There are 6 protein chains.
Amino acid sequence: MTEITPETLEKLKRCGQGTLTTQLFRRGYRQQFLVGLSPMSKETGRFAGEAFTLRFIPSREDKDWDLGDLKKRGEENLQWEAVEAIAAGQVLVIDSRGDTRAASAGNMLMTRMMKKGVVAAITDGAWRDGTEIGEMPFPAYARANTASTRPAYHRAIGMQEPIGCAEVAVYPGDIIVGDADGVTVIPRAIAADVADDALEQEQREAFLLTKIEGGAPLWGTYPADAATLAEYEDWKSA
Amino acid sequence: MTEITPETLEKLKRCGQGTLTTQLFRRGYRQQFLVGLSPMSKETGRFAGEAFTLRFIPSREDKDWDLGDLKKRGEENLQWEAVEAIAAGQVLVIDSRGDTRAASAGNMLMTRMMKKGVVAAITDGAWRDGTEIGEMPFPAYARANTASTRPAYHRAIGMQEPIGCAEVAVYPGDIIVGDADGVTVIPRAIAADVADDALEQEQREAFLLTKIEGGAPLWGTYPADAATLAEYEDWKSA
Amino acid sequence: MTEITPETLEKLKRCGQGTLTTQLFRRGYRQQFLVGLSPMSKETGRFAGEAFTLRFIPSREDKDWDLGDLKKRGEENLQWEAVEAIAAGQVLVIDSRGDTRAASAGNMLMTRMMKKGVVAAITDGAWRDGTEIGEMPFPAYARANTASTRPAYHRAIGMQEPIGCAEVAVYPGDIIVGDADGVTVIPRAIAADVADDALEQEQREAFLLTKIEGGAPLWGTYPADAATLAEYEDWKSA
Amino acid sequence: MTEITPETLEKLKRCGQGTLTTQLFRRGYRQQFLVGLSPMSKETGRFAGEAFTLRFIPSREDKDWDLGDLKKRGEENLQWEAVEAIAAGQVLVIDSRGDTRAASAGNMLMTRMMKKGVVAAITDGAWRDGTEIGEMPFPAYARANTASTRPAYHRAIGMQEPIGCAEVAVYPGDIIVGDADGVTVIPRAIAADVADDALEQEQREAFLLTKIEGGAPLWGTYPADAATLAEYEDWKSA
Amino acid sequence: MTEITPETLEKLKRCGQGTLTTQLFRRGYRQQFLVGLSPMSKETGRFAGEAFTLRFIPSREDKDWDLGDLKKRGEENLQWEAVEAIAAGQVLVIDSRGDTRAASAGNMLMTRMMKKGVVAAITDGAWRDGTEIGEMPFPAYARANTASTRPAYHRAIGMQEPIGCAEVAVYPGDIIVGDADGVTVIPRAIAADVADDALEQEQREAFLLTKIEGGAPLWGTYPADAATLAEYEDWKSA
Amino acid sequence: MTEITPETLEKLKRCGQGTLTTQLFRRGYRQQFLVGLSPMSKETGRFAGEAFTLRFIPSREDKDWDLGDLKKRGEENLQWEAVEAIAAGQVLVIDSRGDTRAASAGNMLMTRMMKKGVVAAITDGAWRDGTEIGEMPFPAYARANTASTRPAYHRAIGMQEPIGCAEVAVYPGDIIVGDADGVTVIPRAIAADVADDALEQEQREAFLLTKIEGGAPLWGTYPADAATLAEYEDWKSA
């Protein structure tokens, strides 16, 4: 896999989701934002890390109805395996088929991951204990907050496989960036390139916003014409 | 109907929704959480009370278009009857067919119920005046906030009947427990039993969480193995 | 078009959405509230202004994939034209076909409109930069917060045409009123009449609420019987 | 209840759903057609009869999981009671909350009703045995064909109550008319009046269609101007 | 506008929707098929023609509740104007916002268009009189069959504007091709080019299908390798 | 894996979906029917075979936009691999995430599978070439017919993994039974047992239906009381 440097992650963490999705769109990627997922806390800061994936399928009465299973290891309890296998600096991304009828996980597993240095946790289903999770300094995204226990509707069946999350493909190792506005998936192979251009765009637009706040019209300012660009270059080098 | 003691309600109020739904799942109940309903206020505290049900059907131009009806009593204005009939300690649960196009009720009826000692109000449709309701010390749950007046889409047609709310069956007298995470419906006949086991689970998990926060792995801790259980017993008796 | 006086707008700004939709229902309008749209900030104050409409259609690869288009004027960049054409006192209302997969606009255009004295911005799709917009003193309503750039799914194709927004018809010049609870569309021709009756209702219900808060039952109070109405008249003239 | 004569039913059976809904709209009824429900057979002929209602709520593990219940009488097996209680000339209308995950009924109950002279059966959920039902000379409407047994998601809880079906209010005794295009609910009190006007409209439009088929433009023909109306009167009296 | 020759239309009529969408995908167009729309008749033959667009917005009580409007001309009855304005060889495409609660049109307007030589009619909402329309030799596509009269939910507000239909952009003059499988929108500027390549693909795949039917594996056959292509060339020139 | 005898498959093929789902419900399985999937042809006969699974994830521009990929082998073209790997007697079951925006496959792959002796093909997304497929003597089930090419929205990423299809878990080797009414998934381990009881139920109900057709009431007949059961035993042994 393409190497990802700490500098690339650092640059990505300085960019908003609007900037990142624009850079991805310029490269032909139409939809890399996880539509419909929200952070449990509005205080969620910006993060970047590589994807560790987990896939759920619908649960079934003969496989998932015995809660004693939680003590088993291996394929019988793949979610516990995943939470222990994921490394510091990674982001857990769960394919819950968009099904919010049962929780993908709750505060116990979140706390464990936070303690291990995991960067964030994302499901296209629901979390339980959403209020408590929202008070933890740990970014957690979901479509809803649902208390019902996972095996009521979900079984963890595979980890570190390519998955879909909120109708976006996620390959293990893809770079996941997020903040209070939501989450963007950046294909690993282009992450460094996106980081460079996104940071430049982020800085330029910070300058352009001061112009708009000062009363400038869109025309000539956003996007910038030659005069405004020159002004931006001066501002940047000042 | 099975008697429900104040102690049972008190125990249930000490348990989170995740604990309650897990206890219900162990008893074979798959989905007793009201998926998709949120409290109007994030400050919503925990409550428990018995269900008082109200059923809505779609409104019709010849039955519901004259707002003067609100002055009538009896079957012609069953919602007003319900708000006056519900008793202190009960929880209003409205079957609005999940339809959020008009409000199930607004701040006037909420205030009346709060003054009477009603414990909470729940609809699988919408409330109007959601901002004001969110500032009242009265738990109110809905799928959305919609200002349009009830008769635009709803007619109250029956009270204290078995209903569905958010696709969960609710029988009059069922025990309704909720907090900032949402609402769980506990069949009355098993409420005392659930309360006992849920409180024990809640306490044990509070202890286990301190272990996880201290860096323990899931294996051996959650669920607890014999050693951890022994440690818990010590902690509890300390 | 019917003239709208500042007094009418002022009256409307003193009324909640529940009052306005009730007055509209009395006149035969079933659903003028924009169901499903929320303000980016819970601090959103009340506003009233006339509608300036913008219509989106789905984007297409041959028309919308070149982001350089943003520099073009005229039909090629109708959204920029709209933001510059809308006047102080107006409310931007965008028909995004309820599609939240890409943003209808972001903080740059919002800031420009706020600086121009535009009253509010509404889409039945999504905004990007929702967190920043939520901190601006500018009412902005949407169904979601999505970072993906507009041309990924939308093209601005017409302005100041009659449109649908959240399944409500909006004609240019209609009066748009909103607050933290949401947004109501008032047909221009009846706005003055609605304003008079709504303000009267708003004041009467403020009085009736004090009665309910004081422990009065609904019967006789809400709606008010002759005795309560007399009491209200005294209160009002006090 | 208003008496309904055989003549009224006969007239209604001569009218299409488009004619009936237009007559209802002229009287202020916006939506009396059961949107989304289809006949099991495209050969479904036209029928008219009075509504016999049945209401379902979500099933629950403690109430509905024992299929032996089907032998019990009374409230424990209200669907069987309903099928035996409904009379010749009536139409069964089931409120299944639009939930197609389990069948509202299957070919055995359909056959029983057909033998008794029941006119038709309608659910806003699903039937099982749809292929066999589609071959019976008995109009049956649903949103889908689902084999799963009723108690998996439904419990029959009340009969001959006002209900909603496909978001249309249905009161026991309302007149239900249908054909291969679908089903219309006519409030009982206005059925005779609607029948008269609908039959006249049906006949007039049959004539106007011959004009359109002959190449006439819409203007002057549909709706008819004075000359066309005169022509129609001649045609009718011929 | 780019000229479209009869030869281009003739070629397109010889191609299936799968072939056309593949050719469009090769040119970068992801989704030009009208997902979710079905023909009223399974006997629907293949057609091609240029788009004539009609746009609906939600109806409103003060604008659309008087059915007498149907006699008015001009903006007050734009749908009638459209049906008389559309020319032989064109295809009516209606943007009904995907709303199936009322009919976009019925058999009278369909018959008028068929008599005029209109090629087909498409809505992303519903038709009424679906059974009759299904028996006419006139391709008509919709999401559903709903009897309720158009003004209950729709108002025709603009014709020959760019619109969205089933979330696909349709510009007046685009080429619309359809058959029993559904409808594809081909941007006018590339229609001739698509026609050439699609017809070649259609013919090649007809040959390849004979190979697969004869027991050939996919590898080497579909897509064809050099040997199979040579065989195809022989077959074609035979 | 549990062995499945030809006798078991033969018995299952003699049972309708309603019988099978009832037997599964009696064993605690709530929903094993694939809700929302329909056969392409109403002539679809009954079949039974073991599941061969294929999993799709969302496509991505860098992975799936080059249609030349179809010539590649291995992971780059897993769908072709699957169609060649599946054996006679098996049923292809595709997890398309319920996404109907692009086809899961078309007539070429269907023909190849039919020639190989594959029993049926099922997707919870869409097929293209639905009309042609509907004329083939090969059972094919989907949620819709969509012409758009697979890589527009889907990538085949894994085969013979446990998947979800229409929100039902499907493990490789599960027994899939279907007919014109739809498809049921039978866990492999209980297939033989289900087959025995289902066939007995199917025969008994065939007898009971003759009673109902003869005018018998439900009570005593369906379910059968002792007298009816005795009559059935006589009939069976006759």
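The values are calculated or read from the model by the stated rules, or taken from the named source; none is laboratory data. Only a predicted model underlies this, so the values are computations on that prediction, with no experimental measurement involved. We place every Cβ from the backbone using ideal geometry, glycine too, and count neighbours over all the protein chains shown. Note: accessible area is taken over every heavy atom of the protein model, side chains too, but ligands, DNA and RNA are not part of it. Shrake-Rupley method; radii C 1.70, N 1.55, O 1.52, S 1.80 Å.
Quick notes
- Any hit, the range F:7-26, residues being aromatic (Phe, Trp, Tyr), over 22 Å from residue F:130 (Cα atoms) and assigned to a helix (DSSP H, G or I): yes
To keep it simple, each residue is scored yes or no on (1) at the interface with chain B (Cβ under 9 Å from one of its Cβ atoms); (2) touching a Lys or Arg at 6+ places or on another chain (Cβ under 8 Å); (3) open to solvent by less than 60 Å² (accessible area, probe 1.4 Å).
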site	(1), (2), (3)
C:1	no, yes, no
C:5	no, no, yes
C:9	no, no, yes
C:37	no, yes, yes
C:42	yes, no, no
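- Enumeration of residues in the range B:169-197 that are open to solvent by less than 10 Å² (accessible area, probe 1.4 Å) and more than 12 Å from chain A (Cβ to nearest Cβ): B:169, B:170, B:173, B:174, B:175, B:176, B:186, B:187, B:191, B:194, B:195
- The set of residues in the range B:174-202 being farther than 14 Å from residue B:23 by Cβ and part of a strand (DSSP E or B) consists of B:176, B:178, B:179, B:182, B:183.
- When the range B:11-24 is filtered for residues that are surrounded by fewer than 24 Cβ atoms within 10 Å (Cβ to Cβ) and over 11 Å from residue B:194 (Cβ atoms), the ones remaining, listed by number, are B:13, B:14.
- Extreme residue, most open to solvent (accessible area, probe 1.4 Å), among residues of the range E:198-237 that are away from every other protein chain (no Cβ under 13 Å) and among the polar types (S, T, N, Q): E:237
- The combined condition, being surrounded by fewer than 21 Cβ atoms within 10 Å (Cβ to Cβ), out of contact with any helix residue (DSSP H, G or I) (no Cβ under 6 Å at 6 or more places or on another chain) and in the same structural domain as residue C:125 (by TED's automatic domain parsing), is fulfilled by residue C:75.
- Some residue of the range C:123-143 being hydroxyl-bearing (Ser, Thr, Tyr), touching a residue at least 12 places away in the same chain (Cβ under 8 Å), touching a strand residue (DSSP E or B) at 6+ places or on another chain (Cβ under 7 Å) and more than 27 Å from residue A:28 (Cα to Cα): yes
- Considered as a group, the residues in the range F:85-115 that are touching a helix residue (DSSP H, G or I) at 6+ places or on another chain (Cβ under 8 Å) and in a helix (DSSP H, G or I) include one that is most open to solvent (accessible area, probe 1.4 Å), and that residue is F:115.
Conditions tested, residue by residue: (1) free of Cβ contacts under 8 Å to residues at least 12 places away in the same chain; (2) farther than 30 Å from residue B:118 by Cα; (3) out of contact with any Ser or Thr (no Cβ under 9 Å at 6 or more places or on another chain); (4) in a strand (DSSP E or B).
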| position | (1), (2), (3), (4) |
| --- | --- |
| C:172 | no, yes, no, no |
| C:204 | no, no, yes, no |
| C:211 | no, no, no, no |
| C:217 | yes, no, yes, no |
| C:221 | no, no, no, no |
| C:224 | no, no, yes, no |
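- When the range E:122-148 is filtered for residues that are open to solvent by less than 10 Å² (accessible area, probe 1.4 Å) and of a type in the set (Asp, Glu), only E:124 remains.
- Hits in the range D:59-72 (condition: within 14 Å of chain B (Cβ to nearest Cβ) and open to solvent by 40 Å² or more (accessible area, probe 1.4 Å)): D:62, D:63, D:65, D:66
- Boolean, residue B:47 is within 11 Å of another protein chain (Cβ to nearest Cβ), among the aromatic types (Phe, Trp, Tyr) and open to solvent by less than 40 Å² (accessible area, probe 1.4 Å): no
- Test: residue B:55 is in contact (Cβ under 8 Å) with a residue 40 or more places away in the chain and surrounded by fewer than 19 Cβ atoms within 10 Å (Cβ to Cβ): no
- The range E:165-194, residues that are closer than 18 Å to residue F:149 by Cβ and of a type outside the set (D, E, K, R): E:166, E:168, E:177, E:178, E:182, E:183, E:184, E:185, E:186, E:187, E:190, E:194
- Being over 17 Å from the mean Cα position of the chain (by Cα), at pLDDT below 95 and assigned by TED's automatic domain parsing to the domain that holds residue A:136 is a condition met by no residue of the range A:80-89.
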